[in-house]
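A.B. asks: Could you have a look at this structure, given as structure tokens, before my questions?
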Amino acid sequence: MASTAAVGTAPVGYSSDVLRDLLAHIDAGVIDREQQERPPHAEFALLKQARIGALRLPRHEGDAGAALVELFATVIDLGEVDPNVAHSLRNHYQFVERLLRRPDPANEEWFAHVRAGRLFGLAATELSNAKAGRRQQDFATKVTRTDQGLRLSGEKYYSTGNLYADLLVVAAADVDGEATQLAVPVDRPGVEIPNDWDGIGQRFTGSGTTRFTNTPVYESDVIGGSPYGDIPYPATFPQLYLTAVIAGVQRRIARDAASLVRAKQRTFYHSPSDQPTKDPILQQTVGELASQAFIAEAAVLVAAAALQEATEAHGSCDEPDLALRAALKASKAKVVVDELALRAAGELFDVGGGQGVRRSSHLDRHWRNIRTLAAHNPRTYKARAIGAYEIDGTPLPNGAFF
């Protein structure tokens, strides 16, 4: 059904029937993918066919036209059905946001790829860099001039989503040693994306190595402008995106908890009710999990509304203050949501009992996925920066991880 519904003349729209069908299709196979350790290549083929990556492109140009808050609501929905899929789209959406914030006729080439359903991945992080996330970086990945033309060589890590991407946004040093970014098709000679990610969670995001060995590159591959440009807090979007995925997992935890109670056929002899669905202890636990999921979702969407306001003010005198407000809200959301979600992933087993800990249930994936997502930028660093700002106005970090 999803494959048929995904065919259309326009990209899939926010909260559309096509999107709901796609979500249901992805949801239906998530346990089988865990069981078989199968990356969601088939699911991504459907998402590309539906042009999920064009969700944010302006409606007046015939595209889906989702507002930023609607995008984050969709990310939560995707996180609920499969956080691997949701997370794997993050770098694509971040790249699209960068293009939308910087009107330039040269961007039309990249928008054309997005409209065609193609997805962009990212090859930026190098493990040799001692300080992750700072704005100015020296890249070991380099473009060199050879007798055969320009060639790109180097190795990147944390390549989330690159397994499913069509083009890779590569951060490198150009022939003059200056930082540059290139859009390189994944099928270019010399591009390797081994599926070597060995994280305890988010196992199917391909967050391992991307390697370039004498890969041909051309002047037309260069993406103009700085990846950060003049955006005051450029990392608010990707950081809030991770919290949105976690909020989606929390919603799934609450849903799984209710399903576990409904499926229980016996209870403890000392339970207050002989019928599990009428057990007030189980009812309370499920109620708390559902309430925590609601708070996580609300926090993300409030922060997303602040980010949308800052985005709409780009280039104005109001942008710095609005961007700071959005960065603070996104950071505060992370500090609380990470803690609530990890606790919820453990409390789920209080509902399930012996049934919940069966490997065939794969309920442990929720904790592993949350723990992996939250580790991108530990909440302790966020909380300290928030506290310093609240006490004496110490400026927030403004690199790639805040």
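A.B. asks: With respect to the numbered conditions (1) in a loop (DSSP other than H, G, I, E, B); (2) in contact with a Ser or Thr (Cβ under 7 Å, 6 or more places away or on another chain), which one is the sole condition not fulfilled by residue 63?
C.D. replies: (2)
A.B. asks: I'd like to check something: does segment 289-305 contain any residue that is under 32 Å from the mean Cα position of the chain (by Cα) and of a type in the set (D, E, K, R)?
C.D. replies: The answer is yes; a qualifying residue exists.
Let's see how each residue does on (1) under 30 Å from residue 317 (Cα atoms); (2) part of a helix (DSSP H, G or I); (3) of a type in the set (Phe, Trp, Tyr):
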| site | (1), (2), (3) |
| --- | --- |
| 230 | yes, no, no |
| 241 | yes, yes, yes |
| 246 | no, yes, no |
| 249 | no, yes, no |
| 254 | no, yes, no |
| 257 | no, yes, no |
| 261 | no, yes, no |
| 269 | no, no, yes |
| 285 | no, yes, no |
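A.B. asks: With the requirement that a residue be more than 30 Å from residue 124 (Cα to Cα) and in contact with an Asp or Glu (Cβ under 8 Å, 6 or more places away or on another chain), what does segment 222-256 give you?
C.D. replies: 251, 252, 255
A.B. asks: Further question on the same structure: Can you tell me which condition residue 242 does not meet? The list is (1) at pLDDT 95 or above; (2) more than 24 Å from residue 382 (Cβ to Cβ), and all the others hold.
C.D. replies: The single condition residue 242 does not satisfy is (2).
A.B. asks: Could you check, for segment 59-67, whether at least one of its residues is over 21 Å from residue 305 (Cα atoms), surrounded by fewer than 14 Cβ atoms within 10 Å (Cβ to Cβ) and modelled with pLDDT of 95 or more?
C.D. replies: no
A.B. asks: Taking the condition of a type in the set (Gly, Ala, Ser), more than 19 Å from the chain's Cα centre (by Cα) and in a loop (DSSP other than H, G, I, E, B), does residue 207 pass?
C.D. replies: No.
A.B. asks: Tell me whether segment 374-393 contains one or more residues that are surrounded by 13 or more Cβ atoms within 10 Å (Cβ to Cβ), under 30 Å from residue 32 (Cβ atoms) and not small (Gly, Ala, Ser).
C.D. replies: Checked segment 374-393: at least one residue is surrounded by 13 or more Cβ atoms within 10 Å (Cβ to Cβ), under 30 Å from residue 32 (Cβ atoms) and not small (Gly, Ala, Ser).
A.B. asks: I need a count of the residues in segment 343-402 that are acidic (Asp, Glu) and farther than 17 Å from residue 259 by Cα.
C.D. replies: 2
A.B. asks: Could you please tell me which pairs satisfy a Cβ distance under 6 Å, a separation of 6+ or placement on different chains, a first residue in segment 91-113 that is among the acidic types (Asp, Glu), and a second residue that is at pLDDT 95 or above?
C.D. replies: 97/237
A.B. asks: I would also like to ask the following. Has segment 118-139 got at least one residue that is surrounded by 19 or more Cβ atoms within 10 Å (Cβ to Cβ), modelled with pLDDT of 95 or more and farther than 30 Å from residue 37 by Cα?
C.D. replies: no
A.B. asks: Suppose the filter is within 21 Å of residue 94 (Cα to Cα) and either in a helix (DSSP H, G or I) or assigned by TED's automatic domain parsing to the domain that holds residue 265 (or both); does residue 298 pass it?
C.D. replies: So residue 298 fails the test.
The values are calculated or read from the model by the stated rules, or taken from the named source; none is laboratory data. Computed from a predicted model, the values in this text were never measured in an experiment. Neighbour counts run over all protein chains shown; Cβ positions are idealised from the backbone, glycine included.
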